[in-house]
Amino acid sequence: MKTLTTIFMCSLSLAVAAQAHAATNALDEVNAVRVKRGLPKFVPDEELSKAAAKCADYRAAHLIAGHTSNDFSFVPAGSSASAAGCAAWSPQDGWGACCTYENFKVAGAAWSQGRDGRRYMHLFVRGGGGGDSGSSSGYSSSGRGRRGRR
């Protein structure tokens with residue numbers, strides 16, 4: 001029985017890991033909606049993309065529509081993020097996450113589909129100081145936590 005449980009858990013882990021979609025494709029989607037609003041594209045960051053993929057996978061596996069207790073724990077050592085945005089929407093609703101329309105410079109983005117059919121989107125950003133460009137801000141690494149819609 002213990003062997004079957006171990007095999008099941010390993011299979012489940014592989015299934016969850018396979019859920020993340022290529023982070024560069026997610027950033028392309030983010031950049032496309034930014035360009036439509038006249039904003040510059042984010043510069044891609046591989047480490048932030050990896051972090052976004054891991055966080056999106058975790059949120060999808062646990063059906064967490066909002067932030068985890070510490071999104072920034074997914075950012076690998078040696079890298080950093082100033083803020084994080086997330087959403088869990090139906091696929092037909094397109095991309096959605098806080099920080100998408102703010103004045104950050106560098107980003108990594110990913111989404112993973114949950115068993116409920118929603119896309120669990122995650123975006124890590126840094127550089128440029130944020131600011132409001134017509135959206136709400138996300139979850140800040142500075143300890144201020146989630147900030148409300150402006």
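A few comments on the model shown:
- Net charge over other residues, Cβ less than 10 angstrom from the Cβ of Phe124 (K, R count +1; D, E count -1): -1
- Charge context of Ala110, other residues only, Cβ under 9 angstrom, K/R +1, D/E -1: +1
- With Cα atoms defining each centre, segment 25-56 and segment 85-99 are spaced 12 Å apart in the structure.
- Heavy-atom accessible area ranking, 1.4 Å probe, most first, across Lys36, Lys41, Lys105, Lys50: Lys36, Lys41, Lys105, Lys50
- Shape metrics for segment 24-98, restricted to C-alpha atoms - Rg then Dmax, Å: 12.6, 36
The values are calculated or read from the model by the stated rules, or taken from the named source; none is laboratory data. Please read all numbers here as calculations on a predicted model, not as lab measurements. For neighbour counting, all protein chains shown are included, and Cβ atoms are generated from backbone atoms with ideal geometry for every residue, glycine included. Surface accessibility is based on the protein's heavy atoms, side chains included, excluding ligands, DNA and RNA. Shrake-Rupley method; radii C 1.70, N 1.55, O 1.52, S 1.80 Å.
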